[in-house]
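Data first, discussion second: the structure below is written as structure tokens.
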Amino acid sequence: MHSALKVAALGIALVAGFYGPQAIQQFESAMERASAEVNLDDYCMLSTTSCEQNTVTMTLDRETAQPLAPTKIKVVWEGAASDTLMLSLTGLEMEMGSARFQLKSIGNNTYEGDVILPVCTLDEMTWIGELTDGVDTVNPAIRMAR
């Protein structure tokens, strides 16, 4: 190996060793602050029991969702502005991007759709989100467990 490359590799290793633990600690504390800022009281925790927020009633076909298994969501939204609703979910305890789903009208102000959440390394996780008809928005949350 060329001596200049050895010196560069040594320099990079020293910098990473010096700043690495500090960077990891700051990243972890930022993630804790982000999850601490979310108040779950602002969300409607979905399960087989109906949950209502702003006159919108939401239920799941099971108590908790499972990764990669379809979970049916049913929403009753009186006077919705659209024939479809858009559901956007993000992980609370772990950043996993955003999962988006479309719920379609089945008549009588009722909408249904399947939610399929990705696998994560945690045994349990909370997904918080927004459900919108294009005009109004409500905030559902889904608990996922393996």
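The values are calculated or read from the model by the stated rules, or taken from the named source; none is laboratory data. Here the structure is a predicted model, which is why all the values come from computation and not from measurement. Every residue, glycine as well, gets a Cβ built from its backbone with ideal geometry; the counts of neighbours run over all protein chains shown. Surface accessibility is based on the protein's heavy atoms, side chains included, excluding ligands, DNA and RNA. Shrake-Rupley method; radii C 1.70, N 1.55, O 1.52, S 1.80 Å.
Some values worked out for this structure:
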{"read-out": "Residue-wise HN-Hα coupling along region 122-127, computed from phi with Karplus coefficients 6.51, -1.76, 1.60 (Hz; x: Gly, Pro)", "value": "7, 6, 9, 7, 10, 10"}
{"read-out": "Percentage relative contact order, the chain, counting C-alpha pairs under 8 Å, at least six apart", "value": "23"}
{"read-out": "Choice from 12, 128, 73 showing the highest fluctuation, given a GNM over the chain with Cα pairs closer than 10 Å", "value": "12"}
{"read-out": "Net charge, residue 129 excluded, C-beta distance under 13 Å - Lys, Arg +1, Asp, Glu -1", "value": "0"}
{"read-out": "Gaussian network model of the chain, springs between alpha carbon atoms under 10 Å - residue of 67, 21, 118 with greatest fluctuation", "value": "21"}
{"read-out": "Partnerless Cys - the chain, beta-carbon criterion under 4.7 Å", "value": "120"}
{"read-out": "Rounded percent of accessible protein surface that carbon and sulfur make up, the chain, 1.4 Å probe", "value": "54"}
{"read-out": "Kirkwood Rh, Cα atoms: Rg over Rh of the chain", "value": "1.21"}
{"read-out": "Among 13, 65, 99: highest mean-square fluctuation, GNM of the chain, C-alpha pairs under 10 Å", "value": "13"}
{"read-out": "For residue 96, residues with placed amide H under 5 Å, excluding near neighbours", "value": "91"}
{"read-out": "Helix-derived mean residue ellipticity, 222 nm - over the chain, DSSP H n ≥ 4, -39500 (n - 2.57), to 500", "value": "-8500 deg cm²/dmol"}
